[in-house]
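Worksheet: one structure, shown below.
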Amino acid sequence: MNGRKRALVTNDDGIDAPGLRALAAAVRQLGHEVVVAAPAVQSSGSSASIIAGMADRDHIALERRRLEGLDGVPAYAVGGAPGLIALIAAYGAFGDPPDVVLSGVNHGANVGRAILHSGTVGAALTAGINGRRGLAVSLDVGLAVEYHLEAPATEPHWGTAADLAARVVPFLLDQRPGTILNLNVPDLEADELPGLRVAPLAEFGIVQTTMTEQTAEHIRLSVTDLSEPPGAGTDAALLAEGHPVITSVRSVCETDVPALDELVDAAVATGSE
């Protein structure tokens, strides 16, 4: 697909996240029209939620922002999750509907089937079911840094992930509407980055969430490493080996369960008796 296109850049880390600015800047350098709309507050783990952040859920708060390094780029802090932002963008909330929705750069990897819970991926999936192309972009900063258990030794390499994402965008724009890609990038300098690999989703991911405490008043969850290594050749395994990985995913769709026909036939027969 040639010509200047319209790109919505969002995330789940919030409007002030550095990865958001890096991704928007990289896409603008491609010559596309860019608008930024991201949650006013951190919205990780929101999946494809379309619940607004206000008590009156019929109204969604919007606040214009000026983002450093993005002069002239319209930017909005939104009272809602990234899935909601992708949804209202498709209806023209931020001007003409976008041709592509770019979500990231996320602070932490999004791999395996656990991407179901990711707000970063949720925005891309929501874009897909609304006839847009979607790209989720995440930077593997390490679990301790991602969950704020320790400070990063150096500033994460947002530019590495953003620049690689910008190289994927022309390919994505050539694909049919509804195409959704999930890109994960190691936290490395660009010249240290191995070649991009296509990979299937790992069965789980790289972490698991478990219930560690339960009382009458509360439940406590914790996030830990998986006890078993991810399957060889999966997105989680290749990323752990230092490779950037990309996976084509799809949103909710029906599946073929032949036994359902038998269930329906049996219900009809019972009802006719």
Query raised in the report: Mind checking whether some residue in region 133-144 is more than 18 Å from Leu201 (Cβ to Cβ) and assigned to a loop (DSSP other than H, G, I, E, B)?
Result: yes
Requested in this report: Need at least 2 residues that are out of contact with any Pro (no Cβ under 9 Å at 6 or more places or on another chain), within 24 Å of Arg133 (Cβ to Cβ) and at pLDDT 90 or above per element, so show me which strands (runs of 3 or more DSSP E) inside region 187-259 make the cut, counting only ones lying wholly within it.
Outcome: 245-249
Query raised in the report: What is the one condition in (1) within 20 Å of the chain's Cα centre (by Cα); (2) surrounded by fewer than 24 Cβ atoms within 10 Å (Cβ to Cβ) that Leu67 does not satisfy?
Result: (1)
Query raised in the report: Which ones in region 57-102 are in contact with a strand residue (DSSP E or B) (Cβ under 6 Å, 6 or more places away or on another chain), modelled with pLDDT of 95 or more and of a type in the set (Val, Ile, Thr)?
Result: Val73, Val78, Ile85, Val100, Val101
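Based on what the data block shows, is Ala166 surrounded by fewer than 24 Cβ atoms within 10 Å (Cβ to Cβ) and closer than 16 Å to Lys5 by Cβ?
Yes, satisfied.
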Query raised in the report: Does any residue in region 128-157 that is over 30 Å from Cys253 (Cβ atoms) come within less than 9 Å, Cβ to Cβ, of a residue that is of a type in the set (Val, Ile, Thr) and modelled with pLDDT of 95 or more six or more places away or on a different chain, and which pairs are these?
Result: Pro156/Val105; His157/Val185
**Report entry** Candidates Ala77, Ala86, filtered to the one that is out of contact with any helix residue (DSSP H, G or I) (no Cβ under 6 Å at 6 or more places or on another chain) and either in contact (Cβ under 8 Å) with a residue 24 or more places away in the chain or in a strand (DSSP E or B) (or both)
**Finding:** Ala77
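Out of Ala52, Ala26, which single residue is on the phi < 0 side of the Ramachandran plot and at pLDDT 95 or above?
Answer to the check: Ala26.
From the list Val101, Val121, pick out the single residue that is part of a strand (DSSP E or B) and closer than 30 Å to Ala202 by Cβ.
Details: Val121 fails: part of a strand (DSSP E or B).
On inspection, the qualifying residue turns out to be Val101.
Every residue in region 70-101 that is within 20 Å of Asn182 (Cβ to Cβ) and over 20 Å from the mean Cα position of the chain (by Cα), please.
First pass over region 70-101, keeping only residues within 20 Å of Asn182 (Cβ to Cβ): 81-87, 89-90, 98-101.
Across region 70-101, there are no qualifying residues.
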Query raised in the report: Can Asn106 be described as in a strand (DSSP E or B) and touching a strand residue (DSSP E or B) at 6+ places or on another chain (Cβ under 8 Å)?
Result: yes
**Report entry** Selection from region 1-25 of residues that are under 17 Å from the mean Cα position of the chain (by Cα) and among the aliphatic types (A, V, I, L, M)
**Finding:** Ala7, Leu8, Val9, Ile15, Ala17, Leu20, Ala22, Leu23, Ala24
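The values are calculated or read from the model by the stated rules, or taken from the named source; none is laboratory data. Owing to the predicted nature of the structure, the values given are computational and were not obtained by experimental measurement. In this analysis, Cβ positions are derived from the backbone assuming ideal geometry, glycine residues included, and neighbour counts consider all displayed protein chains.
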